[in-house]
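K.L.:
Sharing a structure with you now.
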Amino acid sequence: MVKLFALSVLYKPTSDVSPTTLKAAYDLQQFSFFQRSSIQEFMAFTSKIITERCAVGSRQSVKEQEYMCHVFVRSDGLAGVVVSDHEYQYRVAHTMIDKVLDEFAAKVPSHLWPGTHETAIPFTELPALLAKWQNPREADAITRVQEEVEDTKIILHNTIEAVLERGEKLDDLVNKSEMLSMQSKAFYKTARKTNSCCNFG
Amino acid sequence: MDSDTCERIISKLHNLVSLNTNLGDFDIVYASGEDNVSPVACVEGNISIASWCVKHVYAHAYHSSLRCKQKLWSYDECESLTRWTQFCLLIRPEVTTFWNLRRALIKKGLVSGDQELLLTKLILSRKPKCIEAFYERQWLYTKVLATSGHEWIRQEIDLCTWATSRHQNNYHAWNHRLWLLNKLLLHEDRNDLLKSEFESVMEWAEVHVSEHSCMHYVNQLVERMALSSKEGLCSLERVPPYVSSVAQLYEAMLSWNQNLIVQYPGHETLFYARKSLVLKFQRDCVDTATPVTAREHLVEECLVSGNEIGTQSATKDETNSWCCDQPAFKRTCVENVSGDWASLVMKERKFAEACVTAATSDFEKSVAQAYVRTVGRFSV
């Protein structure tokens, strides 16, 4: 599958401040109705975690089960996160983050970045952008994409555990988090047990 | 939990399922059971059941239906049995006993075909890869719905698309679709059917580049197109990719596949699909004088590729007859190999080498190298 699930713009002024979500869009139609809210919470949660642990100016792509999280933090503190599946080319994903962040910065003045609530940000194009980039071929001429990002270094991580600091565990972070509802935490536990993608049945 | 409560929960679920004709998803949601709310809920046409009660109610429904199975049914019990089996199947659709009970109920006319279609769809919304549900739908078609025309099959194809997007590598859904296609081919105008099917599947395949089941379906579709045109049942000029001969059809598919390989490097599926296309080209377009060695590859491919189970019975018979070819056949045919085949193999070798050179990671390289070895084994 070549699919984008989530696109979010975050703000992380300095490396010791926890990032805030400025705007996010999701495409979760393929999931079961009752799982959608939990999956959305988890994607928001993961986006925040990896932005928190991504150095300013660096690009990372983190593999977690059947998902890929691509993150880039600009030097002015604006960060973009894309959650996709494994087939979505990560170069295209990073080009997309660049373009989306440029567009966001052009529309939303930087004095609004700190302290504004998600709903008050005057930027409604995110769902349309997410839909546009679903098909990488339609979104941009593929060759151009490759030229642009080829030079910049993308750091690849095979699990989210690799991004976490020493001693940190994802299970603990999930348990502690206030972003996640009881429902989602239970969902996380059962999803771990019944990761059914390899089953025949 | 007493049996009255269990019965109440089962009845409530049954009522919800039978009253709503336009149901969405069914799922078990987590709830501790501390709040005093009904465990069965309906949100925007989607039905949920709370996890705390599932274990007890399932045990009740399970034992009740098995007890019922052992003695002769009275009419009253049949009604309860409908509810019990429905509940059990929603929770555990893998248990064949319940499906058999359902079929007995359908044969007695106590459950209608439409009700059963609704139930299987609900089950698929929770477990899109459930083979039993697909099988039940096929059974329903052959036993109950066959008279109601082929309108149903058309809708069923939409259901397959829905199920395949719900779960990656949904082999059973694609297999079901192949079954439907074969049924439709018998009754409908092949030009229209192949055109619409080809367009929708290609669009889907382009954004699911690592789905072997889907690529296999594409290849099967192409094979049916080639076969239909040979039999004069459809004209290739009126069906995409709008070509004039079977050889051109395979060439068009190979170039489509090549674009995907270049755009999405490192997907084994695309190379397997390519190999299968090359072998199909050899079988259908190259003169009957095919070297035995290459045929052995075809045999090998059928045996190795597990996902081709859907067509195994058909291909196996053919391969068996090839294996019986006399040894003398080998000598004469190597000399007669057509130029088309040789040029295709040379082209494939060049392309495979180019893939190896263009690979940017070890994995991509190993995938491409495997293809180099594959095409290297074809004798020219």
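K.L.:
Which residues, taken from the stretch B:157-203, are open to solvent by 20 Å² or more (accessible area, probe 1.4 Å), within 10 Å of chain A (Cβ to nearest Cβ) and either touching a residue at least 40 places away in the same chain (Cβ under 8 Å) or not in a helix (DSSP H, G or I) (or both)?
P.N.:
B:Arg166, B:His167, B:Gln168, B:Asn169, B:Tyr171, listed by residue number.
K.L.:
Going through the stretch A:176-199 one residue at a time, which ones are at pLDDT 80 or above and open to solvent by 90 Å² or more (accessible area, probe 1.4 Å)?
P.N.:
Selection gives A:Lys176, A:Glu178, A:Met182.
K.L.:
Here is a follow-up. Within the stretch B:124-138, count every residue that is within 12 Å of another protein chain (Cβ to nearest Cβ) and part of a helix (DSSP H, G or I).
P.N.:
Result for the stretch B:124-138: 7.
Yes/no matrix, rows are residues, columns are (1) in contact (Cβ under 8 Å) with a residue 12 or more places away in the chain; (2) part of a helix (DSSP H, G or I); (3) open to solvent by 80 Å² or more (accessible area, probe 1.4 Å):
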residue	(1), (2), (3)
B:Arg8	no, yes, yes
B:Val17	yes, yes, no
B:Gly33	yes, no, no
B:His63	no, yes, yes
B:Cys78	yes, yes, no
B:Leu90	yes, yes, no
B:Asp114	no, yes, yes
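K.L.:
Name every residue in the stretch A:142-175 that is at pLDDT 75 or above, part of a loop (DSSP other than H, G, I, E, B) and within 14 Å of chain B (Cβ to nearest Cβ), in order of residue number.
P.N.:
Selection gives A:Lys153, A:Asn158.
K.L.:
Which one of these is at pLDDT 85 or above and in contact with a Gly (Cβ under 8 Å, 6 or more places away or on another chain): B:Ile91, B:Ile106?
P.N.:
Details: B:Ile91 fails: in contact with a Gly (Cβ under 8 Å, 6 or more places away or on another chain).
The unique qualifying residue is B:Ile106.
K.L.:
Further question: Hey, could you check the stretch A:1-19 for residues that are buried (at least 21 other Cβ atoms within 10 Å of the Cβ), away from chain B (no Cβ under 14 Å) and of a type in the set (A, V, I, L, M, F, W, C) and say which is farthest from A:Arg137 (Cα to Cα)?
P.N.:
My answer is A:Leu10.
K.L.:
Still on this structure, please answer the following. Could you list all residues from the stretch A:61-77 that are in contact (Cβ under 8 Å) with a residue 60 or more places away in the chain and surrounded by fewer than 24 Cβ atoms within 10 Å (Cβ to Cβ)?
P.N.:
A:Ser61, A:Lys63, A:Glu64, A:Gln65, A:Glu66, A:Tyr67, A:Gly77 - these are the residues of the stretch A:61-77 that are in contact (Cβ under 8 Å) with a residue 60 or more places away in the chain and surrounded by fewer than 24 Cβ atoms within 10 Å (Cβ to Cβ).
K.L.:
Within the stretch B:228-250, how many residues are surrounded by 14 or more Cβ atoms within 10 Å (Cβ to Cβ), in contact (Cβ under 8 Å) with a residue 24 or more places away in the chain and part of a helix (DSSP H, G or I)?
P.N.:
5
K.L.:
Among residues belonging to the stretch A:20-37 that are open to solvent by less than 50 Å² (accessible area, probe 1.4 Å) and in a strand (DSSP E or B), point out the one that is farthest from the other protein chains (Cβ to nearest Cβ).
P.N.:
My answer is A:Leu22.
K.L.:
Now, a different point. Would you please name the residue that is nearest to A:Glu125 (Cα to Cα), looking only at residues in the stretch A:91-105 that are open to solvent by 10 Å² or more (accessible area, probe 1.4 Å) and in contact with a helix residue (DSSP H, G or I) (Cβ under 9 Å, 6 or more places away or on another chain)?
P.N.:
The selected residue is A:Glu103.
K.L.:
What residue, among those in the stretch B:35-45 that are surrounded by 10 or more Cβ atoms within 10 Å (Cβ to Cβ), in a loop (DSSP other than H, G, I, E, B) and within 38 Å of the chain's Cα centre (by Cα), is nearest to the other protein chains (Cβ to nearest Cβ)?
P.N.:
Initial filter on the stretch B:35-45 (surrounded by 10 or more Cβ atoms within 10 Å (Cβ to Cβ)): B:37-43, B:45.
Then keep just the ones that are in a loop (DSSP other than H, G, I, E, B); that gives B:37-39, B:45.
Narrowing further to those that are within 38 Å of the chain's Cα centre (by Cα): B:38-39, B:45.
Values: B:Ser38: 16, B:Pro39: 13, B:Gly45: 9 Å.
Filtering the stretch B:35-45 for residues that are surrounded by 10 or more Cβ atoms within 10 Å (Cβ to Cβ), in a loop (DSSP other than H, G, I, E, B) and within 38 Å of the chain's Cα centre (by Cα), the one nearest to the other protein chains (Cβ to nearest Cβ) comes out as B:Gly45.
K.L.:
Only residues that are among the hydroxyl-bearing types (Ser, Thr, Tyr) and either part of a loop (DSSP other than H, G, I, E, B) or open to solvent by less than 90 Å² (accessible area, probe 1.4 Å) (or both): list them for the stretch A:106-127, please. Give the steps one after another, and end with the answer.
P.N.:
Quick first cut of the stretch A:106-127, residues among the hydroxyl-bearing types (Ser, Thr, Tyr) only: A:110, A:116, A:119, A:124.
Residues satisfying the conditions are A:Ser110, A:Thr116, A:Thr124.
K.L.:
Tell me which of these B:Tyr217 doesn't satisfy, since it passes every other one: (1) part of a helix (DSSP H, G or I); (2) more than 14 Å from chain A (Cβ to nearest Cβ); (3) surrounded by fewer than 22 Cβ atoms within 10 Å (Cβ to Cβ).
P.N.:
It fails just one condition, (3).
K.L.:
Since B:Thr21 meets every condition but one in (1) open to solvent by 30 Å² or more (accessible area, probe 1.4 Å); (2) touching a residue at least 12 places away in the same chain (Cβ under 8 Å); (3) within 11 Å of another protein chain (Cβ to nearest Cβ); (4) among the β-branched types (Val, Ile, Thr), which condition does it not meet?
P.N.:
(3)
The values are calculated or read from the model by the stated rules, or taken from the named source; none is laboratory data. Values in this document were obtained by computation on a predicted structure and should not be read as measured data. We place every Cβ from the backbone using ideal geometry, glycine too, and count neighbours over all the protein chains shown. Only protein heavy atoms, including side chains, enter the accessible area calculation; ligands, DNA and RNA are left aside. Shrake-Rupley method; radii C 1.70, N 1.55, O 1.52, S 1.80 Å.
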